[in-house]
């Protein structure tokens, strides 16, 4: 069955977590890197889809989701919800058995609000996108981004940003090809796109 684009549905949460894990090391598999393989999904994928599934899509090949894009039109509001409602219980659970790499990852969660504030005026929307290998190069990344940016424009959102790992050069080339501009982000590769 050919892959299709559809809205996120609650039964996709485990697939989002799995895709986030399998692409979580600069586009490569991060299985075993953290003390709990669910931590990446609980930070970078599932909360976006849970909070507002209207801003989440999956690419489904008939056997389930193999790629996704999750977003928020208002990063500041999302981060407030994330820090106060979504993360506290998960933070405690993940810290209980955390290895050093997991601790570094979850310690970074505390900086999310200040990072969001850096782009809030010009690029208030934020996205995360991941595709498994068999979907890469097939136009699905572009389709997902174009679907999101069309919806953001319909809602009057003036810009969107994302952050990639500095060593994920494939992702950086992809974003630049789609018209994202590199932003000053220090230890990460941040990109923004104006929509107005």
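Among the residues of region 166-187, those identified as in contact with a strand residue (DSSP E or B) (Cβ under 9 Å, 6 or more places away or on another chain) and farther than 17 Å from residue 28 by Cβ are 175, 176, 178, 179, 180, 181, 182, 183, 184, 185. For region 99-124, filtering for residues that are touching a helix residue (DSSP H, G or I) at 6+ places or on another chain (Cβ under 7 Å) and not in a helix (DSSP H, G or I) leaves 2.
Condition check: in contact with a helix residue (DSSP H, G or I) (Cβ under 7 Å, 6 or more places away or on another chain) and either at negative phi or modelled with pLDDT of 95 or more (or both). Does residue 164 satisfy that? Yes; evaluated as a whole, the condition is true for this residue.
Suppose the filter is more than 23 Å from residue 10 (Cβ to Cβ), modelled with pLDDT under 95 and more than 14 Å from the chain's Cα centre (by Cα); does residue 62 pass it? It is false that residue 62 is more than 23 Å from residue 10 (Cβ to Cβ), modelled with pLDDT under 95 and more than 14 Å from the chain's Cα centre (by Cα).
Just one of the numbered conditions (1) over 30 Å from residue 196 (Cβ atoms); (2) touching a residue at least 12 places away in the same chain (Cβ under 8 Å) is not true of residue 92: (2).
When the residues of region 69-84 are filtered to those that are in contact with a helix residue (DSSP H, G or I) (Cβ under 9 Å, 6 or more places away or on another chain) and surrounded by fewer than 18 Cβ atoms within 10 Å (Cβ to Cβ), which remaining residue is nearest to residue 32 (Cα to Cα)? Here the answer is 83. Checked against the criterion of being crowded, with 18+ Cβ neighbours inside 10 Å, closer than 17 Å to residue 27 by Cβ, in contact (Cβ under 8 Å) with a residue 40 or more places away in the chain and under 17 Å from the mean Cα position of the chain (by Cα), the candidates 162, 131, 152 yield just one match: 131. When 90, 95 are checked against the criterion of being surrounded by 14 or more Cβ atoms within 10 Å (Cβ to Cβ), in a helix (DSSP H, G or I) and more than 17 Å from the chain's Cα centre (by Cα), a single residue qualifies: 90.
Listed here are the residues, each with its yes/no results for (1) under 27 Å from residue 39 (Cα atoms); (2) modelled with pLDDT of 95 or more.
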| residue | (1), (2) |
| --- | --- |
| 120 | yes, no |
| 129 | yes, yes |
| 168 | yes, no |
| 195 | no, yes |
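The values are calculated or read from the model by the stated rules, or taken from the named source; none is laboratory data. Since this is a predicted model, take the numbers as computed values, not measurements. Don't worry about glycine lacking a Cβ; one is built from the backbone with ideal geometry, like all the others, and counts go over all protein chains shown.
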